[in-house]
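K.L.:
Below are the C-alpha cells for one structure; questions will follow.
Since every read-out is calculated from the coordinates, none of them should be taken as a lab result. Values in this document were obtained by computation on a predicted structure and should not be read as measured data. Because the Cβ atoms are built from the backbone with ideal geometry, glycine has one as well, and the counts that use them run over all protein chains shown.
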Number of protein chains: 2
Amino acid sequence: MSSKRVVIIGGVAGGASAAARLRRLSESAEIVMLERGPYVSFANCGLPYHVGGEIPDREELLVQTPAGLKSRFNIDVRVNTEAVRIDRERRVVAIVDLITGGSEELAYDHVVLAPGAATLVPPIPGIKRPGHFAMRTVPDAEAVAAHCDTHAGGRAVVVGGGYIGLEMAEQLHRRGMRVAVVEALPQVMAMLDMDMANRLHAEIRANGLDLHLGDGVAAFEEPGVDESCAASVVVLKGGARLPADLVILGMGVRPDVALAREAGLEIGALGGIRVDEQMRTSDPAVLAVGDAVEVRHGVTGAWSLLPLAGPANRQGRIAADVIAGRNSRYKASWGTGIIRVFGLTAGATGANERMLGATGMAFDALHLHPFSHASYYPGATQIAMKVLFDPGTGRILGAQAIGQDGVDKRIDVLATAMQAGLTVDDLADLELSYAPPFGSAKDPVNLAGMMGQNVRAGDVALAQWRDAASLAEGSAVLLDVREPGEWTQGRIPGAVHIPLGQLRGRLGELPKDKPLLVYCRSGQRSYYACRVLNQNGFETRNMTGAYLTWMSASGATPAT
Amino acid sequence: MSSKRVVIIGGVAGGASAAARLRRLSESAEIVMLERGPYVSFANCGLPYHVGGEIPDREELLVQTPAGLKSRFNIDVRVNTEAVRIDRERRVVAIVDLITGGSEELAYDHVVLAPGAATLVPPIPGIKRPGHFAMRTVPDAEAVAAHCDTHAGGRAVVVGGGYIGLEMAEQLHRRGMRVAVVEALPQVMAMLDMDMANRLHAEIRANGLDLHLGDGVAAFEEPGVDESCAASVVVLKGGARLPADLVILGMGVRPDVALAREAGLEIGALGGIRVDEQMRTSDPAVLAVGDAVEVRHGVTGAWSLLPLAGPANRQGRIAADVIAGRNSRYKASWGTGIIRVFGLTAGATGANERMLGATGMAFDALHLHPFSHASYYPGATQIAMKVLFDPGTGRILGAQAIGQDGVDKRIDVLATAMQAGLTVDDLADLELSYAPPFGSAKDPVNLAGMMGQNVRAGDVALAQWRDAASLAEGSAVLLDVREPGEWTQGRIPGAVHIPLGQLRGRLGELPKDKPLLVYCRSGQRSYYACRVLNQNGFETRNMTGAYLTWMSASGATPAT
C-alpha cells in the first residue's frame, strides 16, 4: 500500500489502536484521525475514579496527546473536529472544526469508523434537566466533580445499575455524597444472573446506599417547595420521590451510528454497525470498530452489543491489518467483564443463564464457594463461583464469580479455557500455580472441573437452589448434612437433619420412594452424602452451592 | 468392585486424595491408609509460614484428622505406622507400628504408593550435626520454631535456594534471625532462567539477607573457639565460613522409592517410580502417585521429577478412578509453580530456556514489562514477563513472571493457554477481564501475544539482552531511542542515541550496512522504531525487554 489516505473517525480506544497499528504497518500511509472531543486516546474507563478522587490528576487519564501521536506515529490528529458526512461515491469525509466552524472535505481510500457509543437518553420527562450528567468524556467527569464540590454532602441519584452506574455510585459515595441507585430491572449488572447479583445488592446496601430495584424512573421533576434540591426530584414508577442534587444517567449506551446510517451502511437489528470478520462494513472501503459495531457472541453465535475496551482495541488492530492487506480476523466477543463494587469484585465471561435460556441452548449450572487461597493461610476469603456448561458435550458456556479477592484471576482462567474450547472436565486437569498465599493445591477452577466431571460421569445429579421450593409440594425430602452447630444457626425451611458423619448409621431414617435433595454449607459435604446415599439405593440430588447459594440467591430468611 | 481391600501408603496430598476419592466411588471397598508420621493430610506447603508465625496456630495446618476421615469417609487411618515391605507374590503389605513396635501384614487387592519425597541429604561432611533441620513435617516445623526461640536473633544458614529454602529464609528473617542463603548454582529457583532470577537475588539482598550464589557447601564444621554458634560453621567451597545457630537443609528432595525398589517395581532413570498414564507401576496391582513418581513433562515430553502439590492431588484422584475401573488418565505435568519472596512474586509454567536447550527444541523468547493494571490507576507496578514459544508453530513452550502484583493471574492464564494448546498468536485475541483496578484493555497476556504475532509475521526480529555484548566486536550498532532524560540517567555501553520522536528526521545518521540493535526502556518504543527503520531499508533487531531486561539480566552497571 503506497500513500493511501486513511481517515479514522474517533480517537479513543478502537480508533487510536487502528491509527497506531496502521502506521507500524505502513510508513507511507497518510493517516488522519478525527476526534470531536478535546482529547484523544483518553482513559474513559478511568473517568469514575477521577470523579471520586482515586485518580486525582486529570493528566493521568490522557494516555496520548495529539503532539505525541504526531511525533511518534506521524498521525495527523484533529481534535474538536467532527465528521459530519461520509460521501461514499466521491470517497470524501466532510468535517467541521467545532472551534472555528470551518468545514473541509478529506478524500480517503479507507475510512475507519470508531465513533463509540452514546449515553442512552430515553424519552423520560425531564431527563434533560440541569444537574443531570452522563459519563463519557473527560469534561463530563470534571463537570461532575465540580458539581460535587458545589453540592458537597448532597444527594446523588444514579439511574442505572450497570458498569458506569455502580462505579459512579461508589465514587460519589467516596466523595461524600448520599447516593441512591435506581435500576428498572430486578437486579444490577446484567452480565450476572440474579442468584449472583444479589450479593452485590447486599454489598451496596451494606455500604449505606439506597438501592431501588425493579423500579424505573417515571419522571425527573422540578423540585417542589418542600423538596429543596439542586437538580431534580427523581420520581420512580413505584411512586418514590428521590430529591437529587446530582443525577447520573447510567442507563446504558447505544451505538453511535448516525454517520454510518446517513452514509447508507448496513445497520444490524440491535442498532449497531454490521461488519464482517475483517471489520468491513457493507462498503469494503469503510471499516468500523469498537462500541458502535455489532459482534458475534462467542458462545451463542448471536449478534450482540458488547461495548468493552479490550475488544475495541483488538478490533482497531485488525482493521489496520486489513487495510494493510493482511488476513486478520475478529472472530467473536465473549463478554468478559469485571467490576469492583466497594469491597467485592464481580466478574463474568461468556453467556449467563438468561442468555442461554433466550437461545434455547441446553446448560447445567454449578455453584461453588472455594477459598481465594489456602484456607489455612491468613486472609483467605470465599469466592461465590458459578460455571455454566453444556451437559452433553461439556463445553464451557460461561462463568461468574464474586468475592473479595482472586475473582479476576479465576474469571480470566475460565475465560481462557472457554475461548480455547476446553470442556468443564478439562478444568479439573489444569495445572495452575499454587503456594499458600496465592491459591490451593486444588484451585477453585480445578474444583469446578471436578464437579463438572462428577456430574457428567453420572456420579451425582445437581439441583438448583430454587428447587428447594418444590418441597412445599412434598415431592422430595430436603436433607441437611451439616454439623449440629450449623443447623442451629439457620437452615432451609422444611429440611431434615442428619450430619454427614452419622449418615451411614442412620440410612433407615430416610425414604427410598422420594428423591433426596441434599445440602450442606457449600455443597462439598452434600456431594459426599449423595455418594453414600446413591450407593445405598437412594435417589439424590446435590443442591449445588448449597446453603450459601440458597441464602444469597433466594434472599430468604432462614428458619432457625 | 465389591469389597476390595486397598492399602494406601502415605497419608498426605496424593494418598489422602486417593483415599477420599475411592470412598466416593465405592462404599464397599476396604480402605486402609498408612502414615508413618503423626499427622495425615497436613498442609505441608504451609510449614514455613508456621515457623515464621504467619500461620500461628498449628491446628490450622491439620486439614483432616484420622477421626474425621473415619466418620466422613469410613477410612481406616493408621498414623505412626510404617509400611516396611510389599510382598507382591502374596499380595500383602508388612507394616510396623512405630509406637508399639508391633508388626502385622495387610492383604491387598491394590496398593497406592504415595510415600512422597525425602529431603536430599548429600554426603557433605558434618551434614548430620545438631541444629540442622529439614522441613518436611509438622514436627520439623515445630522443632525449628523452638530452636529459633532458644536462639532468638541468632544466625541461620539456609542451604539451597529453591522453594523451601527461600520460603524458610524469608520466614526465619521474619522471626528475627540473621539469615544467609547458600546456593551451589549461580541462581536461585531453577524454574526461572537466570535473566529472571536476578530480580529475586536483588530482592533477597535488599531485605538484608546474605546471599551466596554459585558456591556449594564443602563441610559443616564444629565451631572453633572463635566461632561461637549453636549449630555449625558452614564452610563454602569458595572459602567463606558462615557460623550458624541454625541450618536449614533445603537442597531439594528425592523420590522416596525404598519400598518400591525393594518390591522390585520399575524405577526410572531420574530415580522416581515409573508409572503409566493410569498411575500403575510395573505391577498393575500397585499404583503410585505424588512426589515419588516420574511424570512426563507436558512441553518436552521428557520424564521429569516435579514434586508439586497440585499434580499429587490429581494423581491421587486418578489412581482411585483406575482402581474403581474407570479410564482416567494423567497425561503430563507442566511445572507450574509460584513463590513469594519478600515483596515479589515469581511464577513459571512449562519449560524454561535451560530445559528447552537441553532437549534441543527450537524456541524464541519474548520479554516484556507490562503494568499489573491500568497504569493510570493507583498502585500499578510493572511485571517482568518472559514467554517462550516455538518460532515455527507458535506453540507456547513456557512462561515466567516476576512482580509485586498480578503475577499469579498471568501465570495461570498462560498455563491454561499452554495446556490448551493455544499459540502465542492466540494470546493476542484472549478476551480477559478489564477494569482499571484489575488489568488493562490490552492485558499483559494480550501484549505478549501481539509481540508474538509481530515476530511470527516477520514485522520485527528480536535480539536478546545478551546480544548487546556482540557490539564489542563492532558487528552491529546499538541504538537507544529513549528520551534524553532517560539516556542521561543510564544506558547500555556503546549505544548511540536518537529519541523515537526524532527518528524519522535523522535516518541519515544511521548505517545501512550493519544491523541496528534497538532498545528503549521496555521494548515498545524500540519496536516502533524498528518498524520505521525496516520500512526505510535498515536491518533491525528489537532488543526484547530492552533496558529493563538488560539491567536485571546482565547485572551490569549502566554507563552514565
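K.L.:
Got a sec to turn the phi values of the range A:221-232 into Karplus ³J(HN,Hα) couplings, 6.51 cos²θ - 1.76 cosθ + 1.60 with θ = phi - 60°, whole Hz, x for Gly and Pro?
P.N.:
10, 5, x, x, 5, 8, 10, 4, 7, 7, 10, 9
K.L.:
I need the trypsin sites (Lys or Arg not before Pro) found in the range B:303-379, filtered to DSSP loop residues with at most 16 other beta carbons within 10 Å of theirs.
P.N.:
Here the trypsin sites (Lys or Arg not before Pro) that fit, given the DSSP loop and packing criteria, are B:326, B:329, B:331.
K.L.:
Provide a whole-number value for the mean count of partner chain Cβ atoms within 10 Å of the Cβ atoms in peptide B:415-424.
P.N.:
Partner-chain Cβ atoms within 10 Å, mean over residues of B:415-424: 5.
K.L.:
Still on this structure: If you scale each eigenvalue of the Cα gyration tensor by 5 and take the root, what three semi-axes come out for the protein assembly as shown, rounded to whole angstrom and sorted largest first?
P.N.:
Ellipsoid half-lengths, sorted descending, are 52, 40, 27 Å.
K.L.:
The range A:489-560: which trypsin sites (Lys or Arg not before Pro) are DSSP loop and have at most 15 other beta-carbon atoms within 10 angstrom?
P.N.:
In loop regions of the range A:489-560 (DSSP not H, G, I, E or B), the sparsely surrounded trypsin sites (Lys or Arg not before Pro) are A:506, A:512.
K.L.:
Of A:433, A:383, A:451, which is farthest on the positive side of the dipole of the range A:343-456, counting Cα position, with +1 on Lys and Arg Cβ, -1 on Asp and Glu Cβ, and the Cα centre as origin?
P.N.:
The one lying farthest along the dipole's positive direction is A:383.
K.L.:
Further question on the same structure: From the alpha carbon gyration tensor of the range B:1-79, can you work out the equivalent ellipsoid semi-axes (sqrt of 5 times each eigenvalue) and give them in Å, largest to smallest?
P.N.:
27, 11, 10
K.L.:
Of the listed peptides A:89-95, A:417-423, what is their order by residue-averaged count of other C-beta atoms within 10 Å, with the highest listed first?
P.N.:
Those peptides, ordered most packed to least, come out A:417-423, A:89-95.
K.L.:
Which three extents, in angstrom, do the Cα atoms of the range A:47-101 have along their principal axes, listed largest first?
P.N.:
Largest to smallest, the principal-axis extents are 48, 25, 22 Å.
K.L.:
Quick one: helix A:524-535 against the long Cα principal axis of chain A, what's the angle to the nearest 10°, folded into 0 to 90?
P.N.:
Tilt relative to chain A: about 50 degrees.
K.L.:
Give the long-range amide H neighbours of residue B:84: residues separated by 5 or more places, or on another chain, with amide H under 5 Å away, using H modelled in the peptide plane at 1.01 Å from N.
P.N.:
Those qualifying (amide H under 5 Å, at least 5 residues apart or on another chain) are B:94, B:95, B:96.
K.L.:
Along Cα-to-Cβ, 7 Å out, sits the label point; list in nm, shortest first, how far the one on residue B:120 is from those in the other copies.
P.N.:
6.1
K.L.:
While we're here: Put a point 7 Å out from Cα along the line to Cβ at residue A:142; what are the distances to that point in the other copies, in nm, shortest first?
P.N.:
So the label point of residue A:142 gives 6.6 nm to the other copies.
K.L.:
Next question, about the same structure. Could you pull out the pairs from B:386/B:442; A:128/A:237; A:514/B:70 whose alpha carbons sit more than 26 Å apart here? Let's see the in-between values first.
P.N.:
Details: B:386/B:442 17 Å; A:128/A:237 18 Å; A:514/B:70 29 Å.
Violating the 26 Å limit, Cα to Cα: A:514/B:70.
K.L.:
Let me know the Rg and Dmax you get for the range A:311-365 when you use only its Cα atoms, in Å.
P.N.:
16.4, 47
K.L.:
Now a separate question. Can you find, among A:243, A:335, B:25, the residue farthest towards the positive end of the dipole of the protein assembly as shown? Put +1 on the C-beta of Lys and Arg, -1 on that of Asp and Glu.
P.N.:
B:25
K.L.:
Can you classify the range A:192-265 as rounded, prolate or oblate using the Cα gyration tensor, where a ≥ b ≥ c are the square roots of its eigenvalues, rounded means a/c under 1.5, and otherwise it's prolate if a/b beats b/c and oblate if not?
P.N.:
Values: a/c = 2.69, a/b = 1.27, b/c = 2.13.
Oblate, since a/c reaches 1.5 and b/c is not below a/b.
K.L.:
Per residue and in Å³, how big is the convex hull formed by the alpha-carbon atoms of chain B?
P.N.:
Each residue corresponds to 176 Å³ of Cα convex hull volume.
K.L.:
Compute for the range A:132-251: radius of gyration divided by Kirkwood radius, i.e. Rg/Rh, restricted to C-alpha atoms, rounded to two decimals.
P.N.:
0.95
K.L.:
Now for a separate question. Residues of B:402-412, mean number of Cβ from any other protein chain within 10 Å of their own Cβ, rounded to a whole number?
P.N.:
Mean shielding by partner chains, rounded to a whole number: 4.
K.L.:
Report, for residue A:222, each distance to the same residue's label point in the other copies, shortest first and in nm; define the point 7 Å along Cα→Cβ.
P.N.:
Its label point is 10.1 nm from the equivalent points in the other copies.
K.L.:
Using a/c under 1.5 as the rounded threshold, could you call the range B:33-143 rounded, prolate or oblate? The axes a ≥ b ≥ c are square roots of the C-alpha gyration tensor eigenvalues, and prolate needs a/b larger than b/c, oblate otherwise.
P.N.:
Since a/c reaches 1.5 but b/c is at least a/b, the shape of the range B:33-143 is classed as oblate.
K.L.:
Starting from the eigenvalues of the Cα gyration tensor, five times each then square-rooted, give me the equivalent ellipsoid semi-axes of the range A:373-513, largest first, whole Å.
P.N.:
31, 20, 14
K.L.:
Quick one: helix A:13-25 against the long Cα principal axis of chain A, what's the angle to the nearest 10°, folded into 0 to 90?
P.N.:
Long axis of A:13-25 versus the principal axis of chain A: about 70 degrees.
K.L.:
Can you give the average number of partner chain beta-carbon atoms within 10 Å of each beta-carbon in peptide B:7-14, as a whole number? Provide the component values of the computation, followed by the final result.
P.N.:
On the way: counts 0, 0, 0, 0, 0, 0, 2, 0.
What the average comes to for B:7-14 is 0.
K.L.:
Now, a different point. What is the magnitude of the charge dipole of chain A about its Cα centre, with +1 placed on the Cβ of each Lys and Arg, -1 on the Cβ of each Asp and Glu, and no other charges, expressed in debye to the nearest 20?
P.N.:
780
K.L.:
Using alpha-carbon positions, what is the distance between the centroids of the range A:304-360 and the range A:1-38, in Å?
P.N.:
Rounded to whole Å, the Cα centres lie 22 Å apart.
K.L.:
So how strong a dipole does the protein assembly as shown carry about its Cα centre when Lys and Arg Cβ are +1 and Asp and Glu Cβ are -1, to the nearest 20 debye?
P.N.:
That gives the protein assembly as shown a dipole magnitude of about 1040 debye.
K.L.:
Right, another one. Farthest toward the dipole's positive end in chain B, which of B:301, B:417, B:55, given Cβ charges of +1 (Lys, Arg) and -1 (Asp, Glu) about the Cα centre?
P.N.:
After comparing all options, I get B:417.
K.L.:
A follow-up question, please. Give me the Kirkwood hydrodynamic radius of the range B:343-456, using the inverse of the mean 1/r over all pairs of distinct Cα atoms, in Å to one decimal.
P.N.:
Details: mean 1/r = 0.0718 Å⁻¹.
Taking the inverse mean of 1/r over all distinct Cα pairs, the range B:343-456 comes out at 13.9 Å.
K.L.:
Taking Cα atoms, how many degrees apart are the long axis of helix B:444-456 and the longest axis of chain B, rounded to 10 and kept between 0 and 90?
P.N.:
Computed tilt is about 60 degrees.
K.L.:
A follow-up question, please. Between rounded, prolate and oblate, where does the range B:447-531 land on the alpha carbon gyration tensor, with a ≥ b ≥ c its root eigenvalues, rounded for a/c under 1.5, else prolate if a/b exceeds b/c?
P.N.:
Judged from the Cα gyration tensor, the range B:447-531 comes out rounded (a/c under 1.5).
K.L.:
Between beta-carbons, use under 9 Å as the cut-off and find the net charge around residue A:179, counting Lys and Arg +1, Asp and Glu -1.
P.N.:
0
K.L.:
Could you please rank B:132, A:373, placing first whichever residue has the fewest other Cβ atoms within 10 Å of its Cβ?
P.N.:
Working: B:132 20, A:373 23.
Taking fewest neighbouring Cβ atoms as first place, the list is B:132, A:373.
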